[in-house]
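Right, one structure below, let's go through it.
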Amino acid sequence: MNFSIQTILENQEYQLIPLQQGDFESLYEVASDPKVWEQHPNKDRYQREIFENFFKGAIESRGAFKIVDKATGDVLGSTRFYDFDEDKNSIFIGYTFYGTKSWGKGINPQIKKLMLDYIFQFVDTVHFHIGKENSRSQIALERLGGQKIAEEEVAYFGEPTRTNFMYEIKKKIITMKKYKIQQSPFVVPTTDGKLIEEHWGNSTGNSNISIAHMVAPPDWSEPHQTPEFDEFTLIISGKKQFEIDGEMVTLEKGQSILIEKGARVRYSNPFSEPCEYIAICLPAFSMELVNREEEII
């Protein structure tokens, strides 16, 4: 191998810095949350002794990185290059994880792009192993152009054998296509029965705009909020109620509205039928920009 798989990579917001022994505590602080591993085949990596083995494998791979937020210096997670195959001119990217605070912010697509742009200078194919039950990572990789090519048993470093799907991305997919069809929108977890499918936005690395398909069930509502983004809403079916700076507005099928940033707004569906609609936010929706108020019960 006549190229490095552990060189500093960065864009305007994030850095991939070669992992060192002294990084254990800061990385374990991220990894110690059980939610980080709940969809992974090896769900016990949040335990210190298990993560010590994971970290040992990362160091010995000589291809591992810590992922750092350049603005704050915070460690967000880790990833690595490994298993270069000279005959096939291919390599793996994997062992990637992020703390829950980094989920849904479009960080992973940016990190994968950094790694792919760099490594495709030297290889023709990049492979990925993803746990059979890890639907979150499967969807994320398919958004990047990954193709599922096999199912196989994989033994991670010092861990039991687990069933994984094998994906690949070829150099030509990255360099030739000038468009992207969204077939697997990110389904935002909710607790109020509302369906949110984000087609484009922070989950896909598009921070300037978000486009989401939503279905609000009957009797649904959200707390008041004062977003730092303009929001367009187009009603597909049903009705939706808006309280905008104290004024009540109801939209029906085929109607749309623009609510400018800085307005105090409350969304609801007090009606008997579900409301299906498209929401477009400029810049992209994020919890940091929505400024949602605490509900007083």
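The values are calculated or read from the model by the stated rules, or taken from the named source; none is laboratory data. Note that the structure is a prediction, hence the values are computed from the model and not measured. Using ideal geometry, Cβ is built from the backbone for each residue, glycine included, and neighbour counts are taken over all protein chains shown. In case anyone asks, the SASA skips ligands and DNA or RNA and just uses the protein heavy atoms, side chains included. Shrake-Rupley method; radii C 1.70, N 1.55, O 1.52, S 1.80 Å.
Within the option set D83, D23, being among the acidic types (D, E), surrounded by 16 or more Cβ atoms within 10 Å (Cβ to Cβ) and more than 17 Å from the chain's Cα centre (by Cα) holds for one residue only, D23.
Yes or no, residue by residue, for (1) free of Cβ contacts under 8 Å to residues at least 12 places away in the same chain; (2) open to solvent by 50 Å² or more (accessible area, probe 1.4 Å); (3) under 30 Å from Y98 (Cβ atoms):
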{"site": "P217", "(1), (2), (3)": "no, no, no"}
{"site": "T226", "(1), (2), (3)": "no, no, yes"}
{"site": "E231", "(1), (2), (3)": "no, no, yes"}
{"site": "G254", "(1), (2), (3)": "no, yes, no"}
{"site": "P274", "(1), (2), (3)": "no, yes, no"}
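The strands (runs of 3 or more DSSP E) found entirely in region 224-285 include none that carry 3 or more residues being of a type in the set (F, W, Y). Can you spot a residue in region 171-183 that is crowded, with 18+ Cβ neighbours inside 10 Å and either touching a helix residue (DSSP H, G or I) at 6+ places or on another chain (Cβ under 7 Å) or not in a strand (DSSP E or B) (or both)? Taking every residue of region 171-183 in turn, none turns out to be crowded, with 18+ Cβ neighbours inside 10 Å and either touching a helix residue (DSSP H, G or I) at 6+ places or on another chain (Cβ under 7 Å) or not in a strand (DSSP E or B) (or both). For region 57-67, the candidate set comprises residues that are open to solvent by 10 Å² or more (accessible area, probe 1.4 Å) and under 14 Å from G22 (Cβ atoms); within that set, the residue that is farthest from the chain's Cα centre (by Cα) is I59. Anything in region 288-297 that is part of a helix (DSSP H, G or I) and without any contact (Cβ under 8 Å) to a residue 60 or more places away in the chain? List them, or say none. Across region 288-297, the qualifying residue is only E288. Check region 35-46 and report whether any residue there is in contact (Cβ under 8 Å) with a residue 60 or more places away in the chain, open to solvent by 50 Å² or more (accessible area, probe 1.4 Å), of a type in the set (D, E, K, R) and closer than 27 Å to S203 by Cβ. Scanning region 35-46 turns up at least one residue that is in contact (Cβ under 8 Å) with a residue 60 or more places away in the chain, open to solvent by 50 Å² or more (accessible area, probe 1.4 Å), of a type in the set (D, E, K, R) and closer than 27 Å to S203 by Cβ. For W200, the conditions (1) surrounded by fewer than 15 Cβ atoms within 10 Å (Cβ to Cβ); (2) within 25 Å of the chain's Cα centre (by Cα) are fulfilled apart from (1). Please work out if A263 is at pLDDT 95 or above and under 27 Å from Q183 (Cβ atoms). The answer is no for A263. Restricting attention to region 107-118 and to residues that are surrounded by 20 or more Cβ atoms within 10 Å (Cβ to Cβ) and not charged (D, E, K, R), the residue that is farthest from V188 (Cα to Cα) turns out to be M115. D192 fulfils the conditions (1) in a loop (DSSP other than H, G, I, E, B); (2) without any contact (Cβ under 8 Å) to a residue 12 or more places away in the chain except for a single criterion, (2). Going through (1) assigned to a helix (DSSP H, G or I); (2) under 30 Å from I196 (Cβ atoms); (3) in contact with a Gly (Cβ under 9 Å, 6 or more places away or on another chain) one by one, M115 falls short only on (3). The single condition among (1) more than 30 Å from E13 (Cα to Cα); (2) surrounded by 15 or more Cβ atoms within 10 Å (Cβ to Cβ); (3) free of Cβ contacts under 8 Å to residues at least 24 places away in the same chain; (4) not charged (D, E, K, R) that T250 does not meet is (2). Selection of region 1-55 for residues being part of a helix (DSSP H, G or I) and among the small types (G, A, S) yields G22, S26, A31.
Of the residues making up region 132-163, those that are in a strand (DSSP E or B), of a type in the set (S, T, Y) and either free of Cβ contacts under 8 Å to residues at least 24 places away in the same chain or surrounded by 14 or more Cβ atoms within 10 Å (Cβ to Cβ) (or both) number 1. For region 68-92, a residue qualifies if it is in contact with a Lys or Arg (Cβ under 7 Å, 6 or more places away or on another chain) and of a type outside the set (G, A, S), and exactly one does: V75.
Matching residues to (1) in contact (Cβ under 8 Å) with a residue 60 or more places away in the chain; (2) touching a strand residue (DSSP E or B) at 6+ places or on another chain (Cβ under 7 Å); (3) within 24 Å of W37 (Cβ to Cβ):
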position	(1), (2), (3)
E86	yes, no, no
Y95	yes, yes, yes
G99	yes, yes, yes
K105	yes, no, yes
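Could you identify the single residue in S210, S268, S286 that is modelled with pLDDT under 95 and open to solvent by less than 40 Å² (accessible area, probe 1.4 Å)? Going through S210, S268, S286 in turn, the sole match is S286.
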